[in-house]
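Let me begin by presenting the structure, written as structure tokens, before commenting on it.
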Amino acid sequence: MIENRVYNFSAGPSILPDEVLLSARENLLNYEGSGMSVMEMSHRSKVYDKIINDAFDHLRKVMSIPDNYKILFLQGGATGMFAAIPLNISKTGVADYIITGNFANNAYKEAKKYMKDVRVAGSTESENFTRIPSQDELTLNPAADYVHICQNNTIFGTAWHTLPETGSVPLVADLSSCILSEPVDVSKYGIIYAGVQKNMAPAGFAVVIVRDDLIGNPQPICPKIWDFGKQAEKNSMLNTPPTWSIYICKLVLEWIMSIGGLEELKKRNEKKAALLYDYLDSQSFYKAQAKKESRSMMNVTFRTGDDELDKKFVAASVEAGFTNLKGHRLVGGMRASIYNAMPYEGVEALVDFMKKFAREQA
Ligand SMILES: *Cc1c(COP(=O)(O)O)cnc(C)c1O
């Protein structure tokens, strides 16, 4: 680890690999002999053209994205895509949303502005989103234009481990907090989208991976910059793209390729998550929030059961050199976001700290 850096468990924007930061620093003032930084160059220049095209190519390779899918880099974050999706792929104005947390619910509310019949096809709100619904709890409409899920629920610490069966209805999924954490079969989705600031890059854009047949029939009110077809035609450069975060995204993808791709990251992430969950399951001072079968590999939520003690834990963790372990206000307690760039040693140090804190309170 680079000296004087903390173990940062932020849910997003979040930790980036040391190798990426060092490479960005190395090339900050004079990128590959251009005499300027990437921040300062024209997005229409040859040098920048290579950066963005490398980012697209690397992502296609790393995620094994089939040829019949386009990759788009669009501004507005994942929240922008909550609107852009209904604006682009609504044919009949009917859609199913499965509500497994705050972001899924925000996506649902946004879609209702642009489609006439948006239904809740399943929800675990009555259980405070501590789990993912099973297939037989869903009431899916075979006539829907698409089914929307949030695959990893950043705030509640749950994740879909088996995708819902949607038949011939396209599955649209928000992967903001789990993209690039393990291999996914892209062909199972109509659209995958993600805000990049959790596991891909600094904040600045959303990546959209969209099947060709869903492109080209936007609602007339769809803003041009979110028109999937127009952006695909223009290589996501219909206007000035967030050049710096796309550049860092390219470096992150190169880092992923250098360590062995998503298979390797999956192994590392499983090992990190197991260390933390196994500890949580082995004792009674802390309680894991999410039901076992729905646990997220990226965001681990837990609490002591006493709000004051939780506060004390968070304060002590900062003293001990950790940051951003406070849970989201909707859930309380603690949350450790252990994205790709968090080293195993960071989770080990956290578990050691948790043990020590528990001992001291006894
Ligand atoms: C962070 C997050 C969002 C919001 O992303 P923005 O890019 O800030 O709009 C949406 N969905 C999920 C699952 C997230 O984790």
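Taking all protein chains into account, the per residue accessible area for the chain stands at 44 Å² (1.4 Å probe). At q = 0.10, 0.14, 0.20, 0.25 Å⁻¹, what is the base-10 log of I(q)/I(0) for segment 261-361 according to the Debye formula with one equal point scatterer per Cα and no solvent? Please give it to two decimals. With no solvent term, the Cα-only Debye profile gives -0.25, -0.49, -1.02, -1.60.
For LYS113, a cut-off of 28 angstrom between C-alpha atoms picks up these lysines, skipping any fewer than 8 places away in its own chain: LYS70, LYS91, LYS188, LYS198, LYS224, LYS230, LYS234. When the solvent-accessible area of the chain is split by element, carbon and sulfur atoms take up 50 percent of it, the probe being 1.4 Å. On a per residue basis, the convex hull of the C-alpha atoms belonging to segment 221-265 measures out at 103 Å³. Judged by the ratio a/c of the largest to the smallest principal axis of the C-alpha gyration tensor, segment 155-232 counts as oblate, that ratio being 1.5 or greater while a/b is no larger than b/c. With K and R counted +1 and D and E -1, the other residues having a Cβ less than 12 Å from that of MET41 yield a net charge of 0.
Projected label points at THR79 and SER126, each 7 Å from Cα along the beta carbon direction, are separated by 3.1 nanometres.
Sorting 180-186, 205-211 by average packing, meaning the other beta carbons within 10 Å per residue, from highest down gives 205-211, 180-186. The length gained on full extension between MET237 and LYS287, counted as 0.36 nm times the residue separation minus their Cα-Cα distance, comes to 13.3 nm. Taking ILE99, ILE215, ILE179 in turn, the Gaussian network model of the chain (Cα-Cα springs below 10 Å) assigns the largest fluctuation to ILE215. Comparing GLN289, GLN219, GLN197 in a Gaussian network model of the chain, where Cα atoms under 10 Å apart are tied by springs, the biggest mean-square fluctuation is seen for GLN219.
Extending 7 Å from the Cα toward the beta-carbon at both SER134 and VAL6 defines two label points whose distance is 4.2 nm. With R₀ set to 41 Å, the beta-carbon distance separating LYS188 from SER37 gives a calculated FRET efficiency near 0.55. Spacing of the modelled spin labels on ASN68 and ILE221, each 7 Å from Cα toward Cβ, amounts to 3.2 nm.
Across the chain, C-alpha contacts under 8 Å between residues 6 or more apart give a mean separation that, scaled by the residue count, equals a relative contact order of 23 percent. Of interest is the spacing of the C-alpha centroids, which for segment 82-104 and segment 209-254 amounts to 18 Å. Ranking MET354, ALA290, VAL300 by Cα position along the charge dipole of segment 261-361, where only Lys, Arg, Asp and Glu carry charges on their C-beta atoms, puts ALA290 farthest toward the positive end.
Taking one quarter of the surface of the convex hull spanned by the alpha-carbon atoms of the chain gives a direction-averaged projected area of 18.2 nm². A simple charge model with +1 on the Cβ of Lys and Arg, -1 on the Cβ of Asp and Glu and nothing else charged puts the dipole of the chain at about 560 debye relative to its Cα centre.
Taking LEU138, LEU325, LEU29 as the candidate residues, the one with maximal mean-square fluctuation in a Gaussian network model of the chain, Cα springs under 10 Å, is LEU29.
The values are calculated or read from the model by the stated rules, or taken from the named source; none is laboratory data. Note that the coordinates shown come from a computational prediction; the quantities given were computed from them, not determined experimentally. Ideal geometry is used to build each Cβ from the backbone, glycine not excepted, and the neighbour counts take in all protein chains shown. With ligands, DNA and RNA removed, areas are computed over all heavy atoms of the protein, side chains included. Shrake-Rupley method; radii C 1.70, N 1.55, O 1.52, S 1.80 Å.
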